[in-house]
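Undergrad: Structure below; questions to follow.
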Amino acid sequence: MPAQTALAQEQAREQTRSLFAHQRHARFFNFHIRMLPVQYTTTDTVRLAFVFFCIAALDTLGCLPYDDSEEKEDRESYGLPKVSEEQCAAWRDWIYDTCLLPSRDAFRCSPALSTGPSADTDTPNIYDPGHAAGTYFALATLLILRDDFSRIDRPAMMRFLSSCQRADGSFATGVLLGSNEHFGERDLRFGYCAAAARWIIGGDEIPGAAEFDLEAARRYIVAECVAYDGGIGMGGFTESHGGLSYCGVGTLELLSRGKTAPREAVAEAMGEEGLQELVRWCLMHQTTVADEREAFTDEEESESEDEDEDEDGLSLAGFNGRFNKPSDTCYSFWVGGTLAMLPSRTHSTTSALTLSDVRSNAAFLLQKTQNTLLGGFAKCPGRSVQPDALHAFFGIAALALSADVAREEVGVEEMKRDEVWCGLLGLKGFDGALCIPADAVRYAEGLRRGWREGYV
Amino acid sequence: MAYLEQYNWDDIAPIPQNDGGENAVAPIAYSDEYRIAMEYLRAVMRVNEFSDRALKLTEDVIYMNAAHYTVWQYRTRILFALDKDLCQELIWVEGVGRRFTKNYQIWNHREVIIEKLGDPSRELPFIESMLELDSKNYHVWSYRQWLVRRFDLWATEVPFTDMMLELDVRNNSAWNHRFFAIFGRAEAVLSSVVDDEIEFTKSAIFTAPQNPSAWNYLLGVLKKSGRPLSDLEQFCLTLSDLTKTFPATSSSTTTSHEEDILSARAIEVLAEIYAERNDFPRATHAWTLLAERYDCVRENYWNFKKRSAVSRLAGCA
Ligand SMILES: [Zn+2]
């Protein structure tokens with residue numbers, strides 16, 4: 001057979017077999033970054049989260065002009081619509097113009113909270129404080145957009161982030177101006193956001209800057225929030241939860257990032273027994289439809305006609321966030337991302353995500369919650385469930401993490417021949433802890449090096 | 001829009017949102033009602049106005065976006081500054097809660113109000129009505145924990161979880177709350193209470209042998225009270241009799257004895273018990289059954305457990 005024909009056939013076969021609607025997802029996020037439909041009104045005050053979801057998804061899909069990843073060449077054949085450098089510059093400016101506080105030490109989480117320039121008055125708007133999550137979303141997005149952070153006062157930002165920490169080690173959303181009162185729910189999310197923000201701005205390496213009480217932060221997570229079943233909850237005796245486990249482990253990882261071997265700090269903080277219980281806890285949240293059918297009597301949302309295998313015999317198993325709850329797209333990331341940060345055992349270099357069934361998880365997302373017509377992913381299976389930007393981003397992030405495991409365990413050549421994996425080769429490698437593509441993290445490491453060596 | 005109809009706003013200059021004009025990133029297609037209400041809200045919050053019209057405005061904004069996190073703080077301050085009837089506020093919040101069941105802010109708000117009132121008498125009935133709408137609502141269960149601790153309401157809690165587990169034995173939130181109700185108090189837990197919990201959970205497991213919530217509770221109680229896992233050996237064998245397939249013969253692992261295996265979790269616990277007493281052939285047999293037959297989605301994990309046991313054995317020798 002002439003080589004050319006074989007190649008053409010091979011290419012044709014690859015195209016027909018891919019289950020991942022790469023182009024549709026690119027279109028979905030290109031649409032949402034222009035306009036979020038009216039039902040997003042309830043996310044108005046956390047809008048930066050949605051800006052992050054859109055831009056981080058476009059980057060993971062390879063649609064931004066910054067692409068320093070190894071898989072770059074694979075993606076070039078996709079003919080994806082690329083966002084221009086000018087557009088990225090406009091996005092960076094918008095984040096600064098609408099969300100950076102005049103004090104340049106923190107971001108609000110949405111332009112909706114700003115009441116205009118306060119320079120003309122002596123009374124600052126007490127209801128427009130810095131927001132730990134807004135600060136993380138802004139910084140992570142700016143990192144993806146290759147910003148140099150010269151518009152931020154980094155030492156002041158470390159002061160702000162440190163001020164969010166409570167005496168017990170936990171973190172608040174922020175501090176209300178005037179009253180010095182912490183606000184926001186007692187929730188590990190803000191500790192995670194503060195830890196990620198601190199690493200991104202190199203706050204752990206600014207001489208003389210304010211610093212967190214690191215021991216108290218770790219102690220709060222490990223001694224207070226670990227539940228009797230080994231998972232992590234919102235505080236003492238609260239129910240273990242996939243999202244909170246992610247935030248707890250992410251905080252442990254990011255507070256020590258660069259100081260120890262990857263995953264070593266988490267293992268050390270949790271202890272061998274705690275680590276084993278948490279790994280087990282995470283893996284037990286991977287659920288097949290049969291588990292769900294047993295768990296739910298008719299009043300809950302499980303598609304009764306569903307099987308553990310789809311028509312082509314693919315095995316399907318997503319993740320839930322709490323025991324005996326239905327699988328949900330975002331928990332493929334929250335729980336999968338937690339596993340990606342945990343070593344299979346202390347001193348192991350293998351991530352615990354390899355102990356899960358990554359292929360069944362990817363197949364669940366691709367076959368059950370992916371919307372191949374509109375693009376995006378829905379929260380759960382079902383014809384009536386519409387895709388949304390949050391679940392679309394976390395679906396893509398979870399698939400990117402799965403593909404990273406497959407690159408190691410299955411190998412690229414084998415992946416090309418597999419219907420679940422072949423379409424995922426076009427996704428960028430992903431950093432589970434910072435929740436952004438790996439090449440943006442490498443860029444951040446370069447920035448940190450520059451600050452350390454005093455170039456900037 | 002009640003706030004506009006009921007009050008005069010002529011002296012207020014609404015503050016439009018600065019969204020970067022043409023360059024807005026991921027702008028929300030607001031309804032006109034929401035956009036305008038937010039413009040007024042920004043104007044009154046800017047000057048921290050405490051007034052009836054501002055209170056009404058917060059109400060209208062909350063109905064359109066209950067997740068607006070600073071409007072709640074503002075509302076609380078208005079209520080306190082104008083010395084409003086806080087019982088009336090509780091009743092209003094109950095309506096908001098039923099309408100936006102996933103909302104967190106109402107619980108924080110309620111906590112602040114109850115703290116000020118010092119009277120929790122409305123709370124347990126309200127919580128129960130919310131759990132009727134969603135029996136696993138994380139915010140509601142967390143709020144109940146706060147309330148129990150704050151007002152020392154421990155006496156009702158174990159019977160309450162009895163009732164919730166009667167309704168749904170797989171409700172993980174209810175199991176977690178039971179753990180809180182038993183072990184969350186300062187004083188030591190009596191050995192007889194632990195015995196009762198173990199028996200209670202075992203009978204719950206007999207009704208749903210695969211239920212991870214009940215198994216985790218059982219293992220959690222055992223660990224918390226310092227009892228050995230091997231206490232469960234007979235119980236596990238009743239649910240999953242591995243003795244019939246061990247030692248394995250060519251046919252025994254493949255087809256027969258299916259009816260003797262009711263619970264993959266029982267097999268898992270047996271594997272741990274065997275591994276603890278260094279009976280690796282039996283432990284490996286149990287992990288193999290899980291990997292190949294009864295819990296295939298975790299095949300990698302059970303094989304990892306086998307490898308870990310082998311290397312531990314090699315390390316000892
Ligand atoms: Zn979700």
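The values are calculated or read from the model by the stated rules, or taken from the named source; none is laboratory data. All figures in this text were calculated on a predicted structure; none of them were measured in a lab. As a convention, Cβ positions derive from the backbone with ideal geometry for all residues, glycine included, and neighbour counts pool all protein chains shown. Quick note on the areas: whole protein, heavy atoms, side chains included, nothing else; ligands and nucleic acids left out. Shrake-Rupley method; radii C 1.70, N 1.55, O 1.52, S 1.80 Å.
Undergrad: For the pair A:Thr372 and B:Glu22, how long in nm is the line joining their label points, each one 7 Å along Cα→Cβ?
TA: Reported label-point gap for A:Thr372 and B:Glu22 is 4.0 nm.
Undergrad: Among residues other than B:Thr70 whose Cβ falls under 11 Å from its Cβ, what is the net charge (Lys/Arg +1, Asp/Glu -1)? Walk me through the intermediate numbers first.
TA: Details: positive: A:Arg108, B:Arg42, B:Arg75, B:Arg77; negative: A:Asp128.
With Lys, Arg at +1 and Asp, Glu at -1, the neighbours total +3.
Undergrad: For helix B:299-316, what angle does its Cα long axis make with the longest principal axis of chain B, in degrees from 0 to 90 and rounded to 10?
TA: 60
Undergrad: Just counting partner chain Cβ atoms within 10 Å, what average do the residues of peptide A:229-239 show around their Cβ?
TA: Mean shielding count: 6.
Undergrad: Per residue, how large is the accessible surface of the protein assembly as shown? Use a 1.4 angstrom probe and give square angstrom.
TA: Details: 30810 Å² over 773 residues.
Ligands and nucleic acids excluded, the figure is 40 Å² per residue.
Undergrad: What angle, in degrees between 0 and 90 and rounded to the nearest 10, separates the Cα long axis of helix A:85-99 from the longest principal axis of the Cα atoms of chain A?
TA: Orientation of helix A:85-99: about 40 degrees from the principal axis.
Undergrad: Determine how many Å³ per residue the convex hull of the Cα atoms of segment B:124-274 encloses.
TA: 116
Undergrad: What are the extents of the Cα atoms of segment A:18-113 along their three principal axes, listed from largest to smallest and rounded to whole Å?
TA: Cα spread of segment A:18-113 along its principal axes, largest to smallest: 44, 30, 19 Å.
Undergrad: If you don't mind, there's one more thing I want to ask. Could you give P(r) for segment B:10-118, binned at 10 Å from zero, as whole percent values over all Cα-Cα pairs?
TA: 13, 44, 31, 10, 2, 0
Undergrad: Between segment A:25-98 and segment A:362-377, what is the C-alpha centre distance in whole Å?
TA: 19
Undergrad: Less than 17 Å apart at the alpha-carbon level, and either on another chain or at least 8 residues along: which lysines does that give for B:Lys116?
TA: B:Lys84
Undergrad: Shifting gears a bit: Just the number, please: Stokes-Einstein D of segment A:326-400 in µm²/s, Kirkwood Rh from C-alpha pairs, 10 °C, 1.306 mPa s.
TA: 125
Undergrad: Right, another one. Evaluate E = 1/(1 + (r/R0)^6) for A:Arg383 and B:Leu167, where r is the Cβ-Cβ distance and R0 equals 30 Å; express this FRET efficiency to the nearest 0.05.
TA: Step by step, r from the Cβ atoms, then E = 0.50.
Undergrad: Quantify how strongly other chains surround peptide B:288-301 by giving the mean number of their Cβ atoms within 10 Å of each of its Cβ atoms.
TA: 4
Undergrad: Turning to a different aspect of this structure: Comparing the chain by itself with all protein chains present, which residues of segment A:32-62 are at least 30 Å² less accessible (probe 1.4 Å)?
TA: By number: A:Ile33, A:Met35, A:Leu36, A:Val38, A:Thr41, A:Thr42, A:Asp44, A:Thr45, A:Arg47.
Undergrad: To the nearest 100 Å², how much accessible surface do chains A and B cover up together, summed over both, with a 1.4 Å probe?
TA: 6300
Undergrad: Once you have all Cα-Cα distances for chain B, histogram them in 20 Å bins from zero and send the whole-percent values.
TA: Values per bin, smallest distances first: 25, 37, 27, 12, 0.
Undergrad: Here's a follow-up. Compute the Kirkwood hydrodynamic radius of segment A:71-225, taking the inverse of the mean of 1/r over all pairs of distinct Cα atoms, and give it in Å to one decimal.
TA: Computed over Cα pairs of segment A:71-225, the Kirkwood hydrodynamic radius comes out at 16.8 Å.
Undergrad: Another question about this same structure. Which of the three applies to segment B:169-232, rounded, prolate or oblate, going by the alpha-carbon gyration tensor with a ≥ b ≥ c and a/c under 1.5 meaning rounded?
TA: Working: a/c = 1.97, a/b = 1.29, b/c = 1.53.
Oblate shape, in that a/c is at least 1.5 and b/c is the bigger or equal ratio.
Undergrad: Once you have the Cα-Cα distance between A:Asn180 and A:Arg452, take 0.36 nm times their residue separation minus that, and quote the gain in nm to one decimal.
TA: In short, 94.7 nm is gained.
Undergrad: Ok, one more. Compute the Rg/Rh shape ratio of segment A:179-234: radius of gyration over Kirkwood radius, all on alpha-carbon atoms. If you can, show how the numbers build up before the last one.
TA: Working: Rg = 13.4 Å, Rh = 13.1 Å.
Here the Rg-to-Rh quotient is 1.03.
Undergrad: Run the quick spin-label model on A:Lys416 and A:Leu214: label points 7 Å from Cα toward the beta carbon, then report their separation in nm to one decimal.
TA: The two pseudo-label positions are separated by 4.4 nm.
Undergrad: Shifting gears a bit: Using θ = phi - 60° and the Karplus form 6.51 cos²θ - 1.76 cosθ + 1.60, what ³J(HN,Hα) does each residue of segment B:176-188 get, whole Hz, x for Gly and Pro?
TA: In residue order, the calculated couplings are 4, 5, 5, 4, 4, 5, 7, 9, x, 8, 5, 6, 5 Hz.
Undergrad: Right, something else. At 7 Å along the Cα-to-beta-carbon direction for both A:Ala90 and B:Glu292, put a label point, then send me their distance in nm to one decimal.
TA: According to this spin-label approximation, the distance is 6.2 nm.
Undergrad: Could you work out the relative contact order of chain B? I mean the mean sequence separation of Cα pairs under 8 Å and 6+ apart, divided by the number of residues, in percent.
TA: For chain B, the relative contact order is 8 percent.
Undergrad: Roughly to the nearest percent, how much of the accessible area of the protein assembly as shown is carbon and sulfur, given a 1.4 Å probe?
TA: It is 51 percent, rounded to a whole number.
Undergrad: If the limit is 29 Å between Cα atoms, which of A:Lys259/A:Lys379; A:Lys428/B:Lys102; B:Lys202/B:Lys305; B:Lys136/B:Lys244 go over it? Walk me through the numbers before you get to the answer.
TA: Numbers: A:Lys259/A:Lys379 37 Å; A:Lys428/B:Lys102 33 Å; B:Lys202/B:Lys305 26 Å; B:Lys136/B:Lys244 40 Å.
Distance filter (> 29 Å) returns A:Lys259/A:Lys379; A:Lys428/B:Lys102; B:Lys136/B:Lys244.
Undergrad: Please work out, to two decimal places, the log10 of the ratio I(q)/I(0) at q = 0.13, 0.19, 0.23 Å⁻¹ from a Debye calculation in which every Cα of segment A:367-420 carries one identical scatterer.
TA: -0.38, -0.70, -0.85
Undergrad: Another question, then. Dividing the convex hull volume of the Cα atoms of segment A:63-160 by its residue count, what figure in Å³ per residue is obtained?
TA: Enclosed volume per residue, from the Cα hull, is 122 Å³.
Undergrad: Please compute the Kirkwood hydrodynamic radius of segment B:231-317 from all pairs of different C-alpha atoms, in Å with one decimal.
TA: The Cα-based Kirkwood calculation yields 13.0 Å.
Undergrad: Next up: With an 8 Å cut-off on Cα pairs and a minimum separation of 6 or more residues, tell me the relative contact order of segment B:135-285 in percent.
TA: Relative contact order of segment B:135-285: 17 percent.
Undergrad: Next question, about the same structure. Let me know the whole percent of all Cα-Cα pairs from segment A:3-455 that are separated by more than 28 Å.
TA: So the pairs more than 28 Å apart make up 50 percent of the total in segment A:3-455.
Undergrad: Among A:Ala400, A:Thr287, A:Ala106, whose Cα lies farthest out toward the positive end of the dipole of chain A, if unit charges sit on the beta carbon of Lys, Arg (+1) and Asp, Glu (-1)?
TA: A:Ala106
Undergrad: Here's another thing I want to ask about it. Among the trypsin sites (Lys or Arg not before Pro) in segment A:373-437, which ones are in a DSSP loop with at most 11 other Cβ atoms within 10 Å of the Cβ? Mind listing them?
TA: Here the trypsin sites (Lys or Arg not before Pro) that fit, given the DSSP loop and packing criteria, are A:Arg383.
Undergrad: Tell me, Kirkwood radius of the protein assembly as shown from alpha-carbon pair distances, in Å? Don't skip to the end; give the middle numbers.
TA: Details: mean 1/r = 0.0361 Å⁻¹.
When all Cα pairs of the protein assembly as shown are included, the Kirkwood radius is 27.7 Å.
Undergrad: Taking H placed 1.01 Å from N in the peptide plane, check which residues at least 5 places from B:Ile28 or on another chain put their amide H under 5 Å from its amide H.
TA: Counting only residues 5 or more places away or on other chains, the set is A:Leu36.
Undergrad: Within segment B:57-97, name every residue whose backbone N is under 14 Å away from a label modeled 7 Å from Cα of B:Glu111 along the Cβ vector.
TA: B:73
Undergrad: As a test question: what accessible area, to the nearest 10 Å², does B:Lys306 have when a 1.4 Å probe is rolled over all protein chains in place?
TA: Accessible area, nearest 10 Å²: 40 Å².
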